[in-house]
Amino acid sequence: MTPRVYTNDTQKYGNICSMIFTKQLASDSQTRLFTIERGERAGWIACEQDGRSAPKTSVIRDWRQVEAHMALFERKASELRNEGWTEI
């Protein structure tokens, strides 16, 4: 399954969407959320939430790091699906 990727090209289209990547998975009463979105001032914010502890966030200033986080989140989501989690 390919990731849901949204672009934010404000010069061409205006501020249409700040979310670049999002995946949410569930198993029983647990959920896992992976997101990458445009930061308010510059760069991007990558966030991983598991519903039990504080979200893990990273501020990213380099597009290559955004791509690396997307690959990491895809890998983690794939591992969860292999364990029986469902994408919602």
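The values are calculated or read from the model by the stated rules, or taken from the named source; none is laboratory data. Only a predicted model underlies this, so the values are computations on that prediction, with no experimental measurement involved. Here Cβ is always computed from backbone atoms with ideal geometry, including for glycine, and neighbour counts include all displayed protein chains.
The table that follows gives values for the structure above.
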| read-out | value |
| --- | --- |
| Of all residues in region 62-88 being touching a residue at least 24 places away in the same chain (Cβ under 8 Å) and among the small types (Gly, Ala, Ser), the one that is surrounded by the most Cβ atoms within 10 Å (Cβ to Cβ) | ALA77 |
| Residue count for region 44-61, restricted to those that are farther than 29 Å from ASP28 by Cα and either free of Cβ contacts under 8 Å to residues at least 12 places away in the same chain or within 15 Å of the chain's Cα centre (by Cα) (or both) | 3 |
| THR86 of a type outside the set (Phe, Trp, Tyr) and modelled with pLDDT of 95 or more | yes |
| Matching entry among ALA46, ALA26 (being among the small types (Gly, Ala, Ser), surrounded by 15 or more Cβ atoms within 10 Å (Cβ to Cβ), modelled with pLDDT of 95 or more and touching a helix residue (DSSP H, G or I) at 6+ places or on another chain (Cβ under 8 Å)) | ALA46 |
